[in-house]
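Below: one structure in C-alpha cells.
Where a number appears in this text, it was derived from the coordinates with a stated rule and is not lab data. Given the structure is predicted, the values throughout are model-derived calculations rather than measurements. Here the Cβ positions follow ideal geometry from the backbone for every residue, glycine too, while neighbour counts run over all protein chains shown.
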Amino acid sequence: MKDGIVLPANDSGERPPPIRIAFCITDLDVGGAERMFVELVTRLDRNRWEPRVYCLSGPGALVARLQAAEIPVICFGAKSTRNLGVFQRLTTELKKFSPALLQCFLFHANILGRMAAWRAGVPRVVCGVRVAERRSRVPLWLDRLSQGFVDHNVCVSQAVAEFSIHQAGLKASKISVIPNAVDFDRFANAVAVDRSKLGLSAAPLALFVGRLDPQKAPFNLLEAFGNLLLRHPDWQLLFVGDGSLKASMDEWVAHRGLGHRIRIAGWRPDVPELLKAADLLVLPSLWEGMPNIVLEAMAAGLPVVVSRVEGTDELIRDGETGLLVTPGLPTELEHQIEAVLTTPELSSRIRTAAQLAVQKQFTMGRMESAYEQLYARLIDVDGR
C-alpha cells in the first residue's frame, strides 16, 4: 500500500503486472514544464505503473534522463504542428502499447494527444493545464471545443484552475489542482558557481532565469535595473535563457553601454549553482501558471521578487517568503529589487522562511503521490 493506493493480488497471491500509462509531451527541451514532466515520469512507482513517453518533436536534452531510468521514449521529430503524419504515428503507437491512460503535457500535446487517444481507443485521457494563456484566445477555444475527448484536467495552481473555468470554459468537475514541486536537496545543497568565471564581481547580483519572451517581460526588468544602476553603478544583472527577444535585448544593453553590468548568457545547465551564487531572483512575468524557477530559488535560499500573477501568490507570502510586485510596473519592480539588495535583514529573513515553506509544502513526493492517486481513481485500480 502506498498513499492509499492498493493493487489487489491475483488468485495466486501475486501482484498483477504494472498498469500501462502513456505520456505525451510537445518537446523534451530544458524548460520548467518539461523538467516537471520528467520528474513525474521517472519517480512513478514502477511496481504499479509501466510508463512510456511519446514526444511530438525531436529528441531534446531531457531524453537522456528518461532513458537512464529505463523508460521507453519515442520522438516523432515534428517540426510543425501541421505535421499530420505525427498524429497517425502517435495513434499507431498508442494502439500498440494499449495503455490504460494517456497523460498529456503542454498545449500541442494536449490537443493532438486527446484526438490520437480517441482514435486508438485509450480508455482515459488526462491533460495538463500549466499556464493561464493570455496571448491568444485560440488555444482556449480549441481546448474547450475538444473537451469531450478529455476525462480530466490537472492545473498547476488554483489560479490556473479558476482561469480555466471562467475564461476557457472548462468544467470544474473535470479539474484538479496539483502544484509543481522541487527537488529540495538538489537546490539547497548546490555549490555556488565561481562568479569570476562568468566575468562577474562580488557586487550585488540579480538573476533572471527563463525564456526571453514577452510573457516574461524581460524589458521591464531591463528598464528597472537601468534606473538602479544610476544609483548603484556596481550592481549586476544576469539573464539566463534564450528566446525571441534576445537580439533586441542585446541591442538595448549595447546601445546604453551597460554590457559590463548586464549580461545575457543564454541557456546554461548550472541553474542550481547560479541560484546559489546570486543575491536575488527577479521574475517580472505578465502571466504564469506556477513558475518552477521561483520554487527552485526558494529551495536554494535565494530571495525572490516576482510579479503577482497566476500561481505566484500561492507560492509566496508577500513580505515573508518573497516580494510580490504589480506586473507591468517597472518602477515598483525597481523599488522592491532595491529593498532586498540594500536591506540584509530583509534578505536573510526571506531566505530562511522561503526554504522552510518549500521544504514543507512543495516536495516531489507530494506531487508524485497526487498524480498516482488521480490515475488510480480514473482507472479504478481496485476494481480492475
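Leu341: net charge of surrounding residues, Cβ under 12 Å, Lys/Arg +1, Asp/Glu -1, itself excluded?
Details: positive: Arg231; negative: Asp234, Asp279, Glu334, Glu338.
Spelling it out: positives minus negatives among the neighbours equals -3.
Spin-label point model (7 Å from Cα, Cβ direction): what's the Thr363 to Ile74 distance in nm?
3.7 nm
Still on this structure: For a test of the definition: using alpha carbon positions, the gyration tensor, and the 1.5 limit on a/c, classify the chain as rounded, prolate or oblate.
Values: a/c = 2.02, a/b = 1.75, b/c = 1.15.
It comes out prolate by the Cα gyration axes.
Also: In the calculated pair distance distribution of the stretch 184-361, what percentage of Cα-Cα distances lie above 26 Å? The partial results should precede the final answer.
On the way: 3153 of 15753 pairs.
Percentage above 26 Å: 20.
Moving on to the next point. Between Asp45 and Asp250, what length in nm is gained on full extension when 0.36 nm per residue of separation is reduced by their alpha carbon distance?
On the way: separation 205, 0.36 × 205 = 73.80 nm, distance 4.56 nm.
Extending this stretch completely gives an extra 69.2 nm.
Pulled fully out, how much extra length does the chain show between Ala202 and Glu162, if you take 0.36 nm times their separation in residues and subtract their Cα-Cα distance? Write out the running numbers ahead of the final one.
Numbers: separation 40, 0.36 × 40 = 14.40 nm, distance 4.34 nm.
This chain segment gains 10.1 nm when fully extended.
Quick one: which of 194-205, 276-287 comes out on top by average Cβ neighbours within 10 Å, and what's the full order, highest first? Walk me through the numbers before you get to the answer.
Working: 194-205: 13.8, 276-287: 23.1.
Top to bottom by mean Cβ count within 10 Å: 276-287, 194-205.
For the stretch 269-384, what are Rg and Dmax over the alpha carbons, in angstrom?
16.8, 61
Please label the shape of the stretch 109-187 as rounded, prolate or oblate, based on the square roots a ≥ b ≥ c of the eigenvalues of the alpha-carbon gyration tensor (a/c under 1.5 means rounded; beyond that, a/b larger than b/c means prolate, else oblate). It would help to have the intermediate numbers written out before the result.
Values: a/c = 1.90, a/b = 1.29, b/c = 1.47.
Because a/c hits 1.5 or more and a/b fails to exceed b/c, the stretch 109-187 counts as oblate.
Name the lysines eligible as straight-distance cross-link partners of Lys276: C-alpha to C-alpha under 21 Å, and not fewer than 8 places from it in the same chain.
Output for Lys276: Lys197, Lys360.
Still on this structure, please answer the following. Collect residues whose amide H, placed 1.01 Å from N in the peptide plane, falls under 5 Å from the amide H of Glu50; neighbours closer than 5 in sequence don't count.
Ile19, Arg20, Ile21
Helix-only estimate, please: 222 nm mean residue ellipticity of the chain, summing -39500 (n - 2.57) across DSSP H runs of length 4 or more and dividing by its residues, to the nearest 500. Please report the intermediate quantities before stating the final value.
Values: 15 runs with 158 residues, N = 384.
Mean residue ellipticity, 222 nm, calculated: -12500 deg cm²/dmol.
Suppose the chain between Glu320 and Leu258 were pulled fully straight at 0.36 nm per residue; how much longer would it get relative to their current alpha carbon spacing?
On the way: separation 62, 0.36 × 62 = 22.32 nm, distance 3.25 nm.
That pair, Glu320 and Leu258, stretches by 19.1 nm at full extension.
Which of the aspartates and glutamates could a cross-linker bridge to Lys216, judged by Cα under 15 Å and excluding same-chain residues fewer than eight apart?
Candidates past the 8-residue exclusion: Glu133, Asp242, Glu288, Glu310.
Excluding residues fewer than 8 places away in the same chain, name every one of the lysines whose C-alpha is closer than 29 Å to that of Lys96.
Candidates past the 8-residue exclusion: Lys79, Lys174.
Sticking with this one: Say each of Met115 and Lys171 gets a label point 7 Å from the Cα, pointing the same way as Cα to Cβ; how far apart are those two points in nm?
For the pair Met115/Lys171, the computed spacing is 2.2 nm.
Would you mind getting the Kirkwood hydrodynamic radius of the stretch 38-156 from its Cα pairs, rounded to one decimal in Å?
In the stretch 38-156 this quantity evaluates to 15.0 Å.
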